[in-house]
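Notes follow the structure.
No value in this document is a laboratory result; all are computed from the given coordinates. Note that the coordinates shown come from a computational prediction; the quantities given were computed from them, not determined experimentally. Neighbour counts run over all protein chains shown; Cβ positions are idealised from the backbone, glycine included.
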Amino acid sequence: MSRIAYVAGQYLPHRLAAVHIEDRGYQFADGVYEVIAVVDGHLVDKERHLTRLRRSLAELRIARPMPDSALTIVIREVVRRNGVDTGIVYLQVTRGAAPREHAFPKAGKPTLVVTSRRTRPPDPKLGQEGIAVITIPDIRWQRCDIKSVALVANVLGKQQAKEAGAYEAWQVDRDGRITEGTSTNAWIVTADNTVVTRAADTAILNGVTRAAVFEILDRAGYRLVERPFTVAEAKAAREAFLTSTTADLLPVVRIDGAPVGEGRPGRLSQELRAAYFAHAAAAP
Ligand code: PLP
């Protein structure tokens with residue numbers, strides 16, 4: 001089956017799908033995106049993703065390309081045309097094509113691209129054995145709450161993690177506190193079983209998976225505190241884990257080479273991971 005993309009109003013085979021060379025997404029990273037998981041043909045947490053997309057667009061003063069009801073039809077159609085049962089949908093909206101000039105163009109309309117692809121089931125070893133992270137300085141801009149396509153700092157960080165044999169890089173602010181991973185949110189569990197993650201300020205992306213885990217914690221009666229934590233605190237934590245749409249929830253067992261807790265996935269991380277899978281599988 002050849003892959004089909006939705007580009008500026010048309011469903012096209014990938015090899016024919018293209019945007020203008022003066023698209024502002026290409027020239028200025030002047031755009032935003034979302035990644036939605038597809039599980040058994042269902043869109044996981046679609047409403048939360050569309051709400052965050054609306055917010056990102058509003059923060060950058062980019063017009064919405066279409067109402068959510070129409071966007072949902074396009075998303076479902078792209079999933080259907082690509083035969084995706086389990087995988088992801090990628091949505092990107094830029095300020096559109098215009099002669100290159102930093103200030104907003106007077107006319108012009110946003111460019112919407114929607115793609116979808118099947119993904120292999122995540123390697124079960126990652127969940128069973130846990131993953132390693134390294135820590136790196138957070139060199140990103142001060143509006144990481146906007147899901148901007150300007151990801152070059154994240155790209156460099158992820159590559160650094162890969163070259164170090166780690167799954168992810170946890171970025172550290174100027175005060176020595178972890179902000180988040182390059183494509184994931186960061187969490188620890190303290191000695192008294194309190195779950196800690198940074199509050200959704202402008203230094204992190206307010207993850208959709210993060211919000212789903214909040215609900216799980218609330219239902220199960222666990223204590224959650226939203227506050228920053230340092231690298232030293234993370235290394236001394238009982239457990240650590242990360243979350244994202246594509247990584248789900250993965251236990252972190254090593255930070256900068258040092259074991260977290262006993263160097264094995266913790267009980268609470270495993271429980272939350274199972275609960276998150278149940279949440280994703282129950283998507284309407
Ligand atoms: N933080 C960053 C920087 C991300 O890029 C992502 C996802 O791409 C996340 C956190 C996790 O967000 P979500 O759970 O919505 O996938």
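Here are the numbers:
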quantity: Rounded to whole Å, sorted largest first: equivalent-ellipsoid semi-axes of segment 1-73, Cα gyration tensor; calculated: 21, 20, 11
quantity: Three-way shape call for segment 197-249 based on the alpha-carbon gyration tensor, with the a/c threshold at 1.5; calculated: rounded
quantity: Angle in degrees between helix 208-220 and the longest Cα principal axis of the chain, rounded to the nearest 10; calculated: 40
quantity: For segment 4-140: Kirkwood Rh in Å [reciprocal of mean 1/r, alpha carbons]; calculated: 16.6
quantity: Pairwise Lys count, the chain - Cα closer than 27 Å, eight or more residues apart or different chains; calculated: 12
quantity: Ranked list, fewest to most other Cβ atoms within 10 Å of each Cβ, for Ser69, Ser116; calculated: Ser69, Ser116
quantity: Average Cα contact separation per residue, segment 109-180, under 8 Å, 6 or more apart, as relative contact order %; calculated: 34
quantity: Rounded Å value of the spacing that divides the Cα centres of segment 195-273 and segment 1-77; calculated: 29
quantity: Length-normalised contact order of segment 165-238 in % [C-alpha pairs under 8 Å, at least 6 apart]; calculated: 34
quantity: Which of Lys235, Lys147, Lys106 has the fewest Cβ neighbours within 10 Å, and the rest in rising order; calculated: Lys106, Lys235, Lys147
quantity: Electrostatic dipole magnitude of segment 1-103 [Cβ: Lys, Arg +1; Asp, Glu -1; Cα centre; debye, to 20]; calculated: 100
quantity: Given charges at Cβ of Lys, Arg, Asp, Glu: the chain dipole, positive-most of Leu50, Leu224, Leu242; calculated: Leu50
quantity: Size of charge dipole - the chain - debye, nearest 20, with Cβ of Lys, Arg +1 and Asp, Glu -1, no other charges; calculated: 760
quantity: Calculated [θ] (222 nm, deg cm²/dmol) that DSSP helices of n ≥ 4 give over the chain, each run adding -39,500 (n - 2.57); calculated: -9000 deg cm²/dmol
quantity: Lys, Arg +1 and Asp, Glu -1 on Cβ, resulting dipole of segment 88-166 about Cα centre, debye, nearest 20; calculated: 420
quantity: Relative contact order %, the chain, counting alpha carbon pairs below 8 Å whose residues are six or more apart; calculated: 18
quantity: Degrees, to the nearest 10: 152-163 long Cα axis against longest axis of the chain; calculated: 50
quantity: Segment 43-110: equivalent-ellipsoid semi-axes (sqrt of 5 x gyration tensor eigenvalues, Cα, Å); calculated: 27, 14, 10
quantity: Order of Asp192, Asp218 under a 10 Å beta carbon neighbour criterion, fewest first; calculated: Asp192, Asp218
quantity: Angle between the chain longest axis and helix 68-81 axis [Cα atoms, degrees, rounded to 10]; calculated: 90
quantity: The chain - Kirkwood radius from inverse mean 1/r over Cα pairs (Å); calculated: 19.8
quantity: Hydrodynamic radius by Kirkwood, which averages 1/r over all alpha carbon pairs of segment 167-284, in angstrom; calculated: 14.1
